[in-house]
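Below is one structure, written out as structure tokens; comments come after it.
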Amino acid sequence: MRRKTEDPQQVALREGWSSACQLYGYLHGGGDLVALPPGAVRLNPDEVAYGDALLGYARFYGTTATYQQSSTMLLGSATFVAAGLAANAIGNAAARNRAQAQAAHQWRDHATVRTILTSQRLLCDYRGQWLSFWHTGVVELQGDVAQWLFVLRYEVGDPVMLHGPAAPWFAVSAARLVYGPGGLQLPALAPLARAYIEATTRDQRMLGGAPGPQALPPA
């Protein structure tokens, strides 16, 4: 019987979650982020890279949108003219509503980008341009790592959402860099905190069990 092949996306999500759990436990125990070897991307002299992966990316902002208002000259009976004017009004209202929906604040610029986490910023290679999101400007880290996503909100600039298998690991690392040791207690990381506690408790009950959290992602 042919063995069923596991979905590669599910494998990646599970491995990403496991890696984030292990990192959370390591940092919780007093460890620190480990620097990557020097790469081709040039950083500041005092800047250190910690993570480099592909992540889903989006920005939250509004824009302006225009629409063409139609106006038709109508000749004929009063009933015909009234019906034509009503049709024009309905068409213009629909066009205006579409333009307003397009201009409203929403997640835009969806892409898969190479993302480098450093001691000073997140570097995202968006459409061939490296964009820097500096840690010093972060006001809030929110999201849900159990859904493999997190959002960074800034004092100046549009929010950034990163998602995908590597997102929980990046969220833990970013929280540690931006907030210090207290960042591990952020609400966005609560699912990882629970997984760490549950795994640690389970390991303590098992004689000869492997040390460290081996938690799986929540169902």
| Which numbered condition ARG194 fails, given (1) open to solvent by 60 Å² or more (accessible area, probe 1.4 Å); (2) at pLDDT 95 or above | (2)
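Taking ASP52 as the residue in question, decide whether it is open to solvent by 50 Å² or more (accessible area, probe 1.4 Å), not in a loop (DSSP other than H, G, I, E, B) and not hydroxyl-bearing (Ser, Thr, Tyr). Give the steps one after another, and end with the answer.
On the way: open to solvent by 50 Å² or more (accessible area, probe 1.4 Å): yes; not in a loop (DSSP other than H, G, I, E, B): yes; not hydroxyl-bearing (Ser, Thr, Tyr): yes.
Yes: the conditions hold for ASP52.
Listed here are the residues, each with its yes/no results for (1) outside any strand (DSSP E or B); (2) in contact with a Lys or Arg (Cβ under 7 Å, 6 or more places away or on another chain).
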site: LEU122; (1), (2): no, no
site: SER132; (1), (2): no, yes
site: THR136; (1), (2): yes, no
site: GLU140; (1), (2): no, yes
site: GLY157; (1), (2): yes, no
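So for the range 155-166 (the condition being farther than 21 Å from ARG114 by Cβ and under 14 Å from the mean Cα position of the chain (by Cα)), does at least one residue qualify? Please lay out each step first, then the result.
Restricting attention to the range 155-166, the residues satisfying the condition of being farther than 21 Å from ARG114 by Cβ are 155-156.
Checking the rest, the ones that are also under 14 Å from the mean Cα position of the chain (by Cα) come to none.
Within the range 155-166, none of the residues are farther than 21 Å from ARG114 by Cβ and under 14 Å from the mean Cα position of the chain (by Cα).
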| query | Across the range 1-40, what is the number of residues that are in a loop (DSSP other than H, G, I, E, B) and either over 21 Å from ALA167 (Cα atoms) or open to solvent by 60 Å² or more (accessible area, probe 1.4 Å) (or both)? | reply | 16
| said: With the requirement that a residue be more than 14 Å from TYR57 (Cβ to Cβ) and surrounded by fewer than 17 Cβ atoms within 10 Å (Cβ to Cβ), what does the range 101-119 give you? | reply: ALA101, GLN102, ALA103, ALA104, HIS105, GLN106, SER119
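The values are calculated or read from the model by the stated rules, or taken from the named source; none is laboratory data. Given the structure is predicted, the values throughout are model-derived calculations rather than measurements. Heads up, the Cβs are rebuilt from the backbone with ideal geometry, glycines too, and the neighbour counts pull from every protein chain shown. Protein only, heavy atoms only, side chains kept; ligands, DNA and RNA dropped before computing areas. Shrake-Rupley method; radii C 1.70, N 1.55, O 1.52, S 1.80 Å.
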